[in-house]
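S.K.: I am attaching a structure below and will ask some questions about it afterwards.
Read-outs: derived from the displayed coordinates by stated rules, not from any lab. As the structure is a computational prediction, the values presented were derived from the model and not from experiment. Positions of Cβ are backbone-derived with ideal geometry, glycine not excepted, and every protein chain shown enters the neighbour counts.
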Amino acid sequence: MPALVAGTPVVCRFCYRTWTDAESATADYVYADMVRRAALDPRDNEEALVHWCPRCDTPTIIDVERDWSFYLCLGCAAVFDTLIWCKKGCGSLIDPKTNDFDICPACMARLRENT
């Protein structure tokens, strides 16, 4: 049952815990998720489970379904269902609904500097 309410503050409706910053809530969520799923896939690690949000630019976005089909940002409470990876291979996620290119803003800035 979904119990985590994103935004500021982040609140768990199951245990009634409140986090004043989304990054702490993200770290706790990822840790709990890693412990719960360790027997299923021991290759999981925090870097693979936490991503930078393309909307609020904080490391607070999580892959809720674990199949790359549904993302939630614990910082700005944005929900994404169509994120794609940056084509330059940097590991950033891009929202194709708001980005006309398949390249993240950081890689785009680097490309502009090199031209």
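S.K.: If you take every residue apart from CYS107 with its C-beta less than 13 Å away from the C-beta of CYS107, what net charge results, scoring Lys and Arg +1 and Asp and Glu -1?
M.R.: Here the count lands on +2.
S.K.: Then there is this: Which length gain, in nm to one decimal place, applies between ASP100 and ARG13 when the Cα-Cα distance is subtracted from 0.36 nm times their residue separation?
M.R.: Using 0.36 nm per residue and subtracting the Cα-Cα distance, I get 27.6 nm.
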